[in-house]
1. Return the residues of the stretch 49-67 that are assigned to a loop (DSSP other than H, G, I, E, B) and either among the aromatic types (Phe, Trp, Tyr) or at pLDDT 95 or above (or both); say none if nothing qualifies.
2. Pairs needed: first member in the stretch 161-175, open to solvent by less than 10 Å² (accessible area, probe 1.4 Å); second member anywhere, of a type in the set (Gly, Ala, Ser); C-beta distance under 7 Å; at least 6 residues apart or different chains.
3. What tally of residues in the stretch 40-63 results from selecting those that are in contact with a strand residue (DSSP E or B) (Cβ under 7 Å, 6 or more places away or on another chain) and open to solvent by less than 50 Å² (accessible area, probe 1.4 Å)?
4. Output the number of the condition that residue 207 fails; it satisfies all remaining conditions of (1) among the small types (Gly, Ala, Ser); (2) surrounded by fewer than 24 Cβ atoms within 10 Å (Cβ to Cβ); (3) not in a helix (DSSP H, G or I).
5. Any residue that is open to solvent by 30 Å² or more (accessible area, probe 1.4 Å), more than 23 Å from residue 86 (Cα to Cα) and outside any loop (DSSP other than H, G, I, E, B) - is there at least one of those in the stretch 136-143?
6. Go through (1) in contact with a strand residue (DSSP E or B) (Cβ under 9 Å, 6 or more places away or on another chain); (2) open to solvent by less than 50 Å² (accessible area, probe 1.4 Å); (3) free of Cβ contacts under 8 Å to residues at least 40 places away in the same chain; (4) over 30 Å from residue 236 (Cα atoms) for residue 152 and report which single condition fails.
7. Give the stretch 181-204 a look and list any residue that's open to solvent by less than 10 Å² (accessible area, probe 1.4 Å) and either in a helix (DSSP H, G or I) or among the acidic types (Asp, Glu) (or both), or say none.
8. Does the stretch 11-31 hold any residues that are part of a loop (DSSP other than H, G, I, E, B) and modelled with pLDDT under 95, and which are they?
Amino acid sequence: MMGGWWFSLALSSFPFPETCMSANRFNGFTDYGIGIGLRAPHYNHILTRKPVVDWFEIISENFMIDGGRPLHILDQILEQYKVVQHGVSMYFGSAEKLNREHLRRLKDLVQCTKTPWLSDHLCWGSVDGRYTHDLLPMPYTFEAARLTAQKVREVQDFLEIPIAVENVSSYAEYHDSEMTEWEFLNEVVERADCGILLDVNNIYVSSQNHSFNPFDYVNSVPAYRVAQIHIAGHSKYRKYILDTHDHPVIDPVWKLYERAIQRVGHTATLLEWDDSIPTFQEVHDEALKANKFLRATALAEAV
């Protein structure tokens, strides 16, 4: 009998419906609910109060170390909670080869956390071994899609778990782009046969900065490939919107989330709050607002 990983790959030859429930091969056939990011200001509250949380998302790079307090905290979290890894430095869109040492350390962490899937960003951010530590947008060309998809496949094969690529917020565009951002995302994930981490806040931010209809984006992604959804707050300036993760989610982003859930079904949802972090309870309460939309979709599907 085939193992779970290879069986999941074999399923790729079968057709999928336009919509699906959250348990799919791109999130390891899990059915996670609403999660929040595991952040240092909340460590003590979580470990002493043991709040009820569906799952935590961790930034992989914060725990790719040989020892110390972060791993001690993570061990305690893993005893009580489900954890999903999210990366910020894979840079699938960079032209240089993958960093094999980074991948080996990442695989060690994957085996420790038993994350059902792993996500990172559809962007570039390194040149000749130098890292910008930023998530830079890509030119939306077929050649860039081909090279990016090839790297995603390599990572997926090495780690032996599903990969979900996240759309980033952007503040500049390239003149040589050959398609829209959502067409580029679709091109990459189809070529790579990977999942999508659909960040609806990033879609909204980019739509305001580049004057497109965010619902066109949400309506165009292949619903059956969505493994996870991000929601977050942002900051509005005079000429642009910045993805700051330091505010509650605004109504237009909730409306995009509602539409996304209508298309993809009950899907693992993560609230990002990474700056000016309030109390654990405030963050968790904001995340749980997603339940209203998840319940409405579940009721509609039951009719």
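The values are calculated or read from the model by the stated rules, or taken from the named source; none is laboratory data. What you see is a predicted model; the values in this text were computed from it and never measured. Quick reminder, even Gly has a Cβ in these numbers, built from the backbone with ideal geometry, and neighbours come from all protein chains shown. Accessible surface areas use protein heavy atoms only, side chains included; no ligands, DNA or RNA. Shrake-Rupley method; radii C 1.70, N 1.55, O 1.52, S 1.80 Å.
1. Of everything in the stretch 49-67, those that are assigned to a loop (DSSP other than H, G, I, E, B) and either among the aromatic types (Phe, Trp, Tyr) or at pLDDT 95 or above (or both) turn out to be 50, 51, 52, 53, 54, 63, 64.
2. 163/195; 164/119; 164/195; 164/227; 166/119; 170/206
3. The qualifying residues number 7.
4. (3)
5. Yes, the stretch 136-143 contains at least one residue that is open to solvent by 30 Å² or more (accessible area, probe 1.4 Å), more than 23 Å from residue 86 (Cα to Cα) and outside any loop (DSSP other than H, G, I, E, B).
6. Against the list (1) in contact with a strand residue (DSSP E or B) (Cβ under 9 Å, 6 or more places away or on another chain); (2) open to solvent by less than 50 Å² (accessible area, probe 1.4 Å); (3) free of Cβ contacts under 8 Å to residues at least 40 places away in the same chain; (4) over 30 Å from residue 236 (Cα atoms), residue 152 comes up short only on (3).
7. 184, 185, 188, 189, 192, 199, 200, 201, 202, 203
8. 14, 15, 16, 17, 18, 19, 20, 21, 22, 23, 31
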